[in-house]
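Presented below is the structure to which this report refers.
Values in this text are rule-based calculations from the coordinates and carry no lab data. If you're wondering where the values come from, they're calculated on a predicted model, not measured in any experiment.
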Amino acid sequence: MSTQATPASAQDLIAAYKAILRDVLDRRPSGMRQRLAEGLGKNRSFITQIANPAYQTPIPAQHVHAIMQIGHFSAQEKERFLAAYHRAHPRRLLLLKERERTRRLTLMLPDLGSEQKNHRLDTLLSEFAEKIVRLIEDT
């Protein structure tokens, strides 16, 4: 009987990069998870979920670079995290490479008095900016 090693399950691969994220966030000052949630336009519970290796939900590729930027990942932390992310999601490499060409612009917006309204405005502005960039790139 052969004792051939089986490839790591998708869940194990996702848990590996989430563990790296959790460890990085645990070494950051208090409030980092909230800043990350705000920077991604998400609830803090989303950050809890994406930083918990027990949850199977993968981190969306469009958030990877923002997470590393907002979380102030060191070069070594980025390298470890991206390597683990690529092992779990090899097909998302192209999307991540595209995102590396982006830059962040922070806008000060009024608080609309509702988390739902604020999130809708943030999403609308992000989508608008992405559409403008696509339009410019196509000309």
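Could you go through the range 77-86 in sequence order and give the Karplus-derived ³J(HN,Hα) for each residue, using 6.51 cos²θ - 1.76 cosθ + 1.60 with θ = phi - 60°, rounded to whole Hz, and x for Gly and Pro?
3J(HN,Hα) across the range 77-86, in whole Hz: 5, 4, 4, 5, 5, 5, 4, 5, 5, 5.
With a ≥ b ≥ c taken as the square roots of the eigenvalues of the C-alpha gyration tensor of the range 10-103, please select rounded if a/c is under 1.5 and otherwise prolate if a/b is larger than b/c or oblate if it is not?
Cα axes put the range 10-103 in the rounded bin.
May I ask you to evaluate 6.51 cos²θ - 1.76 cosθ + 1.60, the Karplus curve with θ = phi - 60°, for each residue of the range 124-129 and list the ³J(HN,Hα) values in order in whole Hz, giving x for glycine and proline?
Listing the rounded values in order: 4, 5, 5, 5, 4, 4 Hz.
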